[in-house]
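What follows is a set of notes on a single structure, which appears directly below.
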Amino acid sequence: MMKEEIRFYSKNRSKLNKAYCGEYILIYGKRVVGHFASPKDAYKAACKNFPKEDVLIQECSKKYFQPVVYNPMVVL
């Protein structure tokens, strides 16, 4: 659960933060599958494109690492 995505982000954090600073990226497996201006937009894309998969929604910032996990089994 999410190990691959978190590992990918951690390994590529510097490059991703530089490329997408101030945006939210959607990571599935070992790749960025989208970037968005808001976490809400990233969440909508995750629901639409990965309805039964765990994906990582990550804010790209030089400040800190705080993942937002989308898990389809969680009812909001």
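Quick note: the coordinates plus some simple rules give every number you see, no bench work behind them. Nothing here was measured: the structure is a model prediction, and the numbers come from that model. Note that we place each Cβ from the backbone using ideal geometry, even for glycine, and neighbour counts take in every protein chain shown.
I'd like to verify a number: residues in segment 1-17 that are surrounded by 11 or more Cβ atoms within 10 Å (Cβ to Cβ) and without any contact (Cβ under 8 Å) to a residue 12 or more places away in the chain, how many? Adding up the residues that qualify gives 3.
Residues in segment 18-38 that are exposed (fewer than 15 other Cβ atoms within 10 Å of the Cβ) and part of a helix (DSSP H, G or I): LYS18, ALA19.
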